[in-house]
Amino acid sequence: MPVTSQYTISAPPVPYLLVKNSDLRFPVHRIYCVGRNYSDHAIEMGHDPNRETPFFFQKNADNLVTNNGDFPYPPRSKKVHHEIELVVAIGSGGTDIARVDALNHIWGYAVGLDMTRRDLQSEMKQAGKPWEIGKAFEHSAPCSEVIPASEIGHPNKGLIQLKVNGEVRQLGDLNQLIWKIPEIIMVLSGLFELKPGDLIMTGTPAGVGAVNRGDLLECFIEGVGEMTTRVI
Ligand code: MN
């Protein structure tokens, strides 16, 4: 049988994030998300704010919106929520990464939005079905440029804030994370093989709410960066 390097159809492009103050691109492999990782958000969603084992879901790498691009209001939903999150960009992979070694696997950080079709997620949750349709839809992951950890270190405190049309809606501090970044990497790398290019959205503080077409979302994380997106 002849061996050929030709694909049958054109291969999809590699999704990527821009890198701050650089022409380089950060190629994205997978997007992992952590659920309920700020106690005040767990409470607002009606859950126990104590440390349950962290749990994860995924978005697709090609769900990213970069360069302050627009967020098209998704179909089949009447309740789409914003969730601002600190994003970890993995530079070197591994399995069963030790907590004390975890930060060495991080290339950089970014500001992201875990956009959520809350009505569909709630229906699925109640039925004990997967969250996929609520979380992993087109354009569901707007994300800022990546800033290298070599420039900013590893943030473990600092303001995390989202404004809608100039009004503060979500406000928290990175020091409120229930599961800290090294612990997230430790647990996640026990379940999956982390690869260079993986992103981890680390959870959202309280104040999630619905967006409408025309809204301007302004996201800011102290020491990490900022991002805007317009709901269209
Ligand atoms: Mn989230």
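At-a-glance table
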| item | result |
| --- | --- |
| Residue ID - surrounded by the most Cβ atoms within 10 Å (Cβ to Cβ), chosen from residues in segment 123-146 that are within 16 Å of the ligand (Cβ to nearest atom) and among the aliphatic types (A, V, I, L, M) | ALA141 |
| Verdict on LEU120 being in contact with an Asp or Glu (Cβ under 6 Å, 6 or more places away or on another chain) and either more than 13 Å from the ligand (Cβ to nearest atom) or among the hydrophobic types (A, V, I, L, M, F, W, C) (or both) | no |
| Members of segment 161-170 that are open to solvent by 30 Å² or more (accessible area, probe 1.4 Å) and either under 13 Å from GLY223 (Cα atoms) or not hydrophobic (A, V, I, L, M, F, W, C) (or both) | GLN161, LYS163, ASN165, GLY166, GLU167, ARG169 |
| Matching residues in segment 188-232 - criterion: being over 16 Å from the mean Cα position of the chain (by Cα) and within 16 Å of the ligand (Cβ to nearest atom) | GLY207, GLY209, ALA210, VAL211 |
| Test: GLY158 is open to solvent by less than 20 Å² (accessible area, probe 1.4 Å), within 16 Å of the ligand (Cβ to nearest atom) and on the phi > 0 side of the Ramachandran plot | no |
| Selection count where residues are out of contact with any Leu (no Cβ under 9 Å at 6 or more places or on another chain) and in contact (Cβ under 8 Å) with a residue 60 or more places away in the chain, scope segment 136-150 | 4 |
| Close pairs from segment 164-192: first on the phi > 0 side of the Ramachandran plot, partner open to solvent by less than 80 Å² (accessible area, probe 1.4 Å) and modelled with pLDDT of 95 or more, Cβ under 9 Å, at least 6 apart | ASN165/GLY214; ASN165/ASP215; ASN165/LEU216; ASN165/LEU217; ASN165/GLU218; GLY166/LEU216; GLY166/GLU218 |
| Candidates ASN63, ASN37, ASN67 - the one that is closer than 17 Å to GLU183 by Cα and either free of Cβ contacts under 8 Å to residues at least 60 places away in the same chain or not β-branched (Val, Ile, Thr) (or both) | ASN37 |
| Verdict on TYR73 being hydroxyl-bearing (Ser, Thr, Tyr), within 15 Å of the ligand (Cβ to nearest atom) and more than 11 Å from the chain's Cα centre (by Cα) | no |
| Positions within segment 9-34 being closer than 17 Å to SER144 by Cβ and in contact (Cβ under 8 Å) with a residue 60 or more places away in the chain, in sequence order | LEU17, LEU18, VAL19, LYS20, PHE26, PRO27, VAL28, ILE31, CYS33 |
| Residue that is farthest from the chain's Cα centre (by Cα) [pool: residues in segment 76-91 that are within 16 Å of the ligand (Cβ to nearest atom) and within 30 Å of GLU151 (Cα to Cα)] | HIS82 |
| Verdict on TYR16 being among the hydroxyl-bearing types (Ser, Thr, Tyr), under 27 Å from ASN156 (Cβ atoms) and modelled with pLDDT under 95 | no |
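The values are calculated or read from the model by the stated rules, or taken from the named source; none is laboratory data. Keep in mind the model is a prediction, meaning the values are calculated, not measured. Cβ: placed from backbone, ideal geometry, glycine included. Neighbour counts: every protein chain shown. These area figures cover heavy atoms from the full protein model, side chains too; ligands, DNA and RNA do not enter into them. Shrake-Rupley method; radii C 1.70, N 1.55, O 1.52, S 1.80 Å.
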